Amino acid sequence: MIRMRASLVVASLAAVLFVLFGGGCGRSDLIDSAFVLADGGQDATTLDAPLTETGADAPDGKTDGGTCTNGTVCSGKCVDVQSDPANCGKCGNACRGNQVCSNGACARNCAPGQVSCNRACVDPNNDPANCGKCGNACLSGQQCVTGACVCDQGRTPALCNGACADTSSDPKNCGKCGNVCAAGQFCSLGACASTCAPGLTACGAACVDTRNDNGNCGGCGIACAGGTACVNGTCGCPGGQTTCNGQCVDESSDPKNCGKCGNVCPSGVCSNGGCATSCGAGQTSCNGACVDEKTDNANCGGCGVRCGGGTTCQAGACLCYNNGPRCSGVCTDTQSDPLNCGGCGIKCGGGQVCSLGTCTTTCGPGLTNCANACVDLTKDPFDCGACGLVCGNGASCTGGKCVCGGGLTSCNGICSDTQTDRRNCGACGNACGPGTTCAGGKCASGCPTGQTLCNGVCRNLQTDNRNCGTCGNFCPFQATCTAGTCVCPAGETACTGGFPPGVCADLQSNGNNCGTCGNRCTGGTACSTGTCQASCGAGLARCGNSCVDLQTSKTNCGFCSQTCGGNLICKGGQCACPPGTTDCAGVCVDLSTNGQNCGACGTVCPGGQTCQASSCR
């Protein structure tokens, strides 16, 4: 499980963590914060009111340090050819006076979900130049999230005097806007103090964690640029991306760097690392980049919809890991977060730490103080073996060491399936050419029998949780893909109309789906035996708005928020494998039949062979 304190990271790290680390709800000191501002730069007009065309200029793309990173250069100007009526679809293609530019084509009306802003069709939910309504431009440093301008840099971002500030470390806005620390004091965890909290470094009068601060990565003043983020004190691109001309790009979908840096697609469309005329199965074209809207953190559920605040794109919706809580828009673990200890907004005082949801002076047995958050270094993937040591994608923290799951290999710190990974096919660094796939550890033009090409990777639609039955059909948390159908664990119900949609829920204890799907317990009540009650029944513990049995709860095993990963079960308050299976790095497998762990954990059957009676044949 990934935990976060509403505290330590900078802009864009959430996307990195969920692309790079596959996590979700962790400590916000390690996750990008996306705080929705009450005054967000908007006036009283909301998305529910009619949106009318204004005199706002058509968006001219986005630049980063003078480069056109998310648009196309037309006549020396960075524009978005998906919406610019003067350059619709390509440079110089001007729409007629009564037409608008929608999704790169001239049309009489905008596509559903878009509005016309001076004949440019934009989505007011995510367009920073027209956020919530035409002409409402977000300030520098803000993002447009669901129609509101938000600050998303730092641990506790806020809009102070027209600029984004991190109130957890800003000595001029410490704890709240306008609270200036006196000379000789430091701003540490949102309070003026004589010294920084353990694990934080004084950069000027600001206390930051140089292991994950994008503005002070590895040392004060070392800023990450070009789309990189700070992980373990080093600036790097998100998993699956490459640096091209100082910018992080995805060569599998970037039409300007398709398959390799500088390879521009004449068609303007890049799919699976090759130039194409249209996107492949399960993909959507977002400004020429073919992406999977069900899993893409930058285009989640629609082009330009960016997941922030520690959320990741799960089945087309930005959600916290294991449907965890958000405090001020940030996925948070209230069991260890000193700024939200035991509940949102409950801040531990000076000299206190947050241990198991309670502010106290010392951490509980087996826990270590990491910047006033009490964590278990033996299994915390964000503090594995030492404070701030983050495990990579697909890795789990076992015994204080980052371990790749069964069948995965560590390639440059990222766990990779060398049987299917186009960038590491058969071995780390062995990249398949444009238009090819990796199947059985070999680059090929097609998929083996029984597998289907999904977003450039050969998948078994009968067993793949991310492509169950059809490409892109993502099984919800805890569900498994069985014979092409997502199946919830015994005793749980698939709530298609629940919260979030499609979640597997125990209707007897799930506070968001109590008794029936979608019935949320509010007002201080919790779900006990299928009804919202003021207190939990005998033998049950309260975890948020749910009453659970800590001896058997998969998501609250032994104590609240302790999740048994993979298909581990909770037995006697401890995560364990079901009978007849073996724990291979957090996933229970049958060694007699599992092709990724045949006879022993990590033993992968080569292409064309299957695992029979614990042997590859």
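The values are calculated or read from the model by the stated rules, or taken from the named source; none is laboratory data. Quantities reported herein were computed from a predicted structural model and do not represent experimental measurements. In this analysis, Cβ positions are derived from the backbone assuming ideal geometry, glycine residues included, and neighbour counts consider all displayed protein chains. When the accessible area is computed, the model is the full protein with side chains, heavy atoms only, and any ligands, DNA or RNA have been set aside. Shrake-Rupley method; radii C 1.70, N 1.55, O 1.52, S 1.80 Å.
The rows are residues; the columns are (1) surrounded by fewer than 22 Cβ atoms within 10 Å (Cβ to Cβ); (2) in contact (Cβ under 8 Å) with a residue 60 or more places away in the chain; (3) out of contact with any Lys or Arg (no Cβ under 9 Å at 6 or more places or on another chain).
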{"residue": "N109", "(1), (2), (3)": "yes, no, yes"}
{"residue": "P112", "(1), (2), (3)": "yes, no, yes"}
{"residue": "D123", "(1), (2), (3)": "yes, yes, yes"}
{"residue": "P128", "(1), (2), (3)": "yes, yes, no"}
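Out of curiosity, is S188 at negative phi and touching a residue at least 24 places away in the same chain (Cβ under 8 Å)? Let's see the steps before the verdict.
Details: at negative phi: yes; touching a residue at least 24 places away in the same chain (Cβ under 8 Å): no.
Against the criterion (at negative phi and touching a residue at least 24 places away in the same chain (Cβ under 8 Å)), S188 does not qualify.
Inside the range 77-107, can you point out the residues that are touching a residue at least 24 places away in the same chain (Cβ under 8 Å) and more than 23 Å from K256 (Cα to Cα)?
Correct list: C95 only.
Tell me, which residue of the range 400-418 that is of a type outside the set (V, I, T), within 20 Å of G607 (Cα to Cα) and part of a loop (DSSP other than H, G, I, E, B) is modelled with the lowest pLDDT?
G406
Here is a yes/no grid of residues against (1) in a loop (DSSP other than H, G, I, E, B); (2) under 21 Å from T332 (Cα atoms); (3) touching a Gly at 6+ places or on another chain (Cβ under 6 Å):
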position	(1), (2), (3)
K133	yes, no, no
A137	yes, no, no
Q143	no, yes, no
V150	no, yes, no
A158	no, yes, no
S168	yes, yes, yes
P171	yes, no, no
C177	yes, no, no
V180	yes, no, no
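May I ask you to list pairs of residues, at least six apart or on different chains, whose Cβ atoms are under 8 Å apart, with the first in the range 602-615 being at pLDDT 85 or above and the second being part of a loop (DSSP other than H, G, I, E, B) and among the basic types (K, R)?
Matching pairs, first to second residue: C611/R617.
Examine the range 324-336 for a residue that is of a type outside the set (A, V, I, L, M, F, W, C), at pLDDT 85 or above and either assigned to a loop (DSSP other than H, G, I, E, B) or within 20 Å of T555 (Cβ to Cβ) (or both), and state whether such a residue exists.
Going through the range 324-336, the residues of a type outside the set (A, V, I, L, M, F, W, C) turn out to be 324-326, 328-329, 332-336.
This time we only want the ones that are at pLDDT 85 or above, so: 336.
After this cut, where a residue has to be either assigned to a loop (DSSP other than H, G, I, E, B) or within 20 Å of T555 (Cβ to Cβ) (or both) as well, the list is 336.
Yes, that holds for at least one residue.
Scanning the range 474-492 for residues that are without any contact (Cβ under 8 Å) to a residue 60 or more places away in the chain and buried (at least 17 other Cβ atoms within 10 Å of the Cβ), which turns out farthest from the chain's Cα centre (by Cα)?
First, the residues of the range 474-492 that are without any contact (Cβ under 8 Å) to a residue 60 or more places away in the chain: 475, 479, 481-488, 490-492.
Checking the rest, the ones that are also buried (at least 17 other Cβ atoms within 10 Å of the Cβ) come to 475, 479, 481, 486, 488, 492.
Working: C475: 16, A479: 19, C481: 22, C486: 22, C488: 23, E492: 25 Å.
Filtering the range 474-492 for residues that are without any contact (Cβ under 8 Å) to a residue 60 or more places away in the chain and buried (at least 17 other Cβ atoms within 10 Å of the Cβ), the one farthest from the chain's Cα centre (by Cα) comes out as E492.
For L568, which of the numbered conditions (1) within 26 Å of the chain's Cα centre (by Cα); (2) open to solvent by 30 Å² or more (accessible area, probe 1.4 Å); (3) modelled with pLDDT under 85 fails to hold?
Against the list (1) within 26 Å of the chain's Cα centre (by Cα); (2) open to solvent by 30 Å² or more (accessible area, probe 1.4 Å); (3) modelled with pLDDT under 85, L568 comes up short only on (2).
C164: open to solvent by 20 Å² or more (accessible area, probe 1.4 Å), within 24 Å of G236 (Cβ to Cβ), outside any loop (DSSP other than H, G, I, E, B) and not polar (S, T, N, Q), yes or no?
yes
Got at least one residue in the range 294-315 being open to solvent by less than 40 Å² (accessible area, probe 1.4 Å), over 14 Å from the mean Cα position of the chain (by Cα), under 22 Å from C174 (Cα atoms) and of a type outside the set (D, E, K, R)?
no
T311: farther than 24 Å from G132 by Cα and of a type outside the set (D, E), yes or no?
On the way: farther than 24 Å from G132 by Cα: no; of a type outside the set (D, E): yes.
Spelling it out, it is not the case that T311 is farther than 24 Å from G132 by Cα and of a type outside the set (D, E).
Give me a count of the residues in the range 257-290 that are under 25 Å from the mean Cα position of the chain (by Cα) and of a type outside the set (V, I, T).
Looking only at that region, the number is 18.
From the set of residues in the range 135-161 that are open to solvent by less than 40 Å² (accessible area, probe 1.4 Å), over 25 Å from D209 (Cβ atoms) and hydrophobic (A, V, I, L, M, F, W, C), which is modelled with the highest pLDDT?
Filtering the range 135-161 for residues open to solvent by less than 40 Å² (accessible area, probe 1.4 Å) gives 136, 138, 141-142, 144-145, 147-152, 154-160.
Checking which are over 25 Å from D209 (Cβ atoms) leaves us with 136, 138, 144, 147-149.
Adding the requirement that they be hydrophobic (A, V, I, L, M, F, W, C) leaves 138, 144, 148-149.
On the way: C138: 88, C144: 80, A148: 79, C149: 83.
If we take residues in the range 135-161 being open to solvent by less than 40 Å² (accessible area, probe 1.4 Å), over 25 Å from D209 (Cβ atoms) and hydrophobic (A, V, I, L, M, F, W, C), then C138 is modelled with the highest pLDDT.
Could you please give the count of residues in the range 215-230 that are open to solvent by less than 30 Å² (accessible area, probe 1.4 Å) and modelled with pLDDT under 85?
The qualifying residues number 4.
Pick from the range 354-387 the residues that are among the hydrophobic types (A, V, I, L, M, F, W, C) and at positive phi: which of them is least open to solvent (accessible area, probe 1.4 Å)? Please lay out each step first, then the result.
First, pick out the residues of the range 354-387 that are among the hydrophobic types (A, V, I, L, M, F, W, C): 354, 356, 359, 363, 367, 370-371, 373-375, 377, 382, 384, 386-387.
Right, trim to at positive phi and you get 356, 371.
On the way: L356: 97, A371: 1 Å².
This residue is A371.
Go over the candidates C192, C181, C174 one by one and state the one that is at pLDDT 90 or above, more than 17 Å from N214 (Cβ to Cβ) and open to solvent by 30 Å² or more (accessible area, probe 1.4 Å). Spell out the reasoning first.
Details: C181 fails: open to solvent by 30 Å² or more (accessible area, probe 1.4 Å); C174 fails: open to solvent by 30 Å² or more (accessible area, probe 1.4 Å).
Sole residue among the options that is at pLDDT 90 or above, more than 17 Å from N214 (Cβ to Cβ) and open to solvent by 30 Å² or more (accessible area, probe 1.4 Å): C192.
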